[in-house]
Amino acid sequence: MKNYTKIKYFVSLSFLLLILGCNAESYVEGEGFLTETEGKVENGKGSLTIYTNSPFACSSGLSVYVDDESKATLREHKISGTPNCGEKSNSAVTLLLTAGSHKIQVKGGGSVFCPSYKVTYVTIEKGRCLILQLG
């Protein structure tokens with residue numbers, strides 16, 4: 001019984017350290033994790049990579065809007081892991097954006113199998129890449 005208690009506390013502590021100890025990631029309620037990394041982006045812009053690990057079933061994919069303009073489509077979920085900054089594939093989209101605050105919205109058909117996500121505001125920094133994992 002003592003070993004079980006030690007393991008339980010170890011797992012709990014490890015989880016808390018993992019969640020609280022990440023300076024490069026921020027959790028956005030209802031959306032997921034934001035990860036900021038150094039990137040090589042030119043002309044006073046930064047980049048935003050968006051992906052989801054949650055399966056969805058939308059015949060037309062999930063539409064990505066930036067500042068109320070349609071910019072890209074996610075066609076499938078990422079099976080595992082986090083995409084590289086700048087990745088462009090069916091499961092991750094990368095957008096070059098001007099530095100500053102931007103409104104991000106991802107819309108599906110609205111059903112359980114084709115979700116829409118809450119509006120998120122992100123701040124893009126010149127020469128930096130932000131990775132947004134949807135809920």
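Could you tell me how many of the residues in region 92-104 are touching an Asp or Glu at 6+ places or on another chain (Cβ under 8 Å) and crowded, with 16+ Cβ neighbours inside 10 Å?
Start the filter on region 92-104 by keeping residues that are touching an Asp or Glu at 6+ places or on another chain (Cβ under 8 Å), which leaves 94, 99, 102-103.
Adding the requirement that they be crowded, with 16+ Cβ neighbours inside 10 Å leaves 94, 102.
Result for region 92-104: 2.
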Scan region 70-96 and report the pairs whose first residue is at positive phi and whose second residue is open to solvent by less than 80 Å² (accessible area, probe 1.4 Å), with Cβ atoms within less than 8 Å and a gap of 6+ or a chain change. Gly86/Gly39; Gly86/Ser47; Gly86/Thr49; Gly86/Thr94; Gly86/Cys129
Strands (runs of 3 or more DSSP E) contained entirely in region 63-135, each with at least 2 residues that are among the β-branched types (Val, Ile, Thr): 92-98, 100-107, 120-124
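The values are calculated or read from the model by the stated rules, or taken from the named source; none is laboratory data. These numbers were taken from a predicted model, which means no experiment stands behind them. Note that each Cβ is placed from the backbone with ideal geometry, even for glycine, and that neighbours are counted across all protein chains shown. These area figures cover heavy atoms from the full protein model, side chains too; ligands, DNA and RNA do not enter into them. Shrake-Rupley method; radii C 1.70, N 1.55, O 1.52, S 1.80 Å.
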